[in-house]
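The structure appears right after this line, and notes come after that.
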Amino acid sequence: MAYLKIDIPGGRTIYEDAPSVQIVCTASSWASLIIKYAAAEYVEGQPQLYGEITFKNVMEYRWVVFGYDYSPYSDDEYEGEGFELIQITDSKQVEDMASKSPFRYYPGKRFGPVIDESRVKHFRISFDDYGSFDVIAFDVSVRSLTE
């Protein structure tokens with residue numbers, strides 16, 4: 001599995017085992033998936049640092065509780081610690097979605113006439129004792145939050 005690591009506040013999610021998860025959608029836009037997490041260890045007397053990850057134009061997401069994570073794709077192995085945000089660049093899941101779409105016979109437009117196939121990306125992030133997210137979306141943004 002080929003992937004790119006995306007920098008997030010705190011570098012990893014090791015300080016959070018119960019992130020805040022929100023799905024925002026309006027009638028005129030695609031859904032966004034927003035995850036807020038503790039980005040650093042709490043130190044008494046200092047402001048707590050939080051990170052926020054927003055997946056934009058979400059086509060699909062999957063959350064699997066910690067301890068039951070599995071993949072339906074045999075070559076979906078990740079060599080890292082699992083607590084980073086990654087973009088899977090050769091995603092079998094994205095290919096599977098495109099190849100089963102009603103538009104599958106239109107090169108570069110297998111997700112539909114107005115969706116450039118190169119915009120569809122597969123992201124993954126995990127939280128210890130909470131679970132793992134796989135998100136198929138157009139983009140992701142990250143930012144640091146302070147309490």
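Tell me whether the stretch 1-47 comes out rounded, prolate or oblate; compute the Cα gyration tensor, take square roots of the eigenvalues as a ≥ b ≥ c, and use a/c under 1.5 as the rounded threshold. It comes out oblate by the Cα gyration axes.
Quick one: of Lys56/Lys121; Lys36/Lys56; Lys36/Lys92; Lys5/Lys56; Lys36/Lys100; Lys5/Lys36, which pairs are farther than 21 Å apart, Cα to Cα? With Cα atoms farther than 21 Å apart: Lys36/Lys92; Lys36/Lys100.
For the chain, the Kirkwood hydrodynamic radius from C-alpha pairs, put into Stokes-Einstein at 25 °C and a viscosity of 0.890 mPa s, yields a diffusion coefficient of 151 µm² per second.
Please give the peptides 40-53, 15-28 ranked by average Cβ packing (other Cβ atoms within 10 Å per residue), highest first, as a rough proxy for protection.
Highest to lowest by the protection proxy: 40-53, 15-28.
Coordinate-derived values only; no laboratory data. Every value quoted in this text rests on a predicted model; they were computed, and no experiment measured them. Virtual Cβ from ideal backbone geometry, glycine too; neighbours counted across all protein chains shown.
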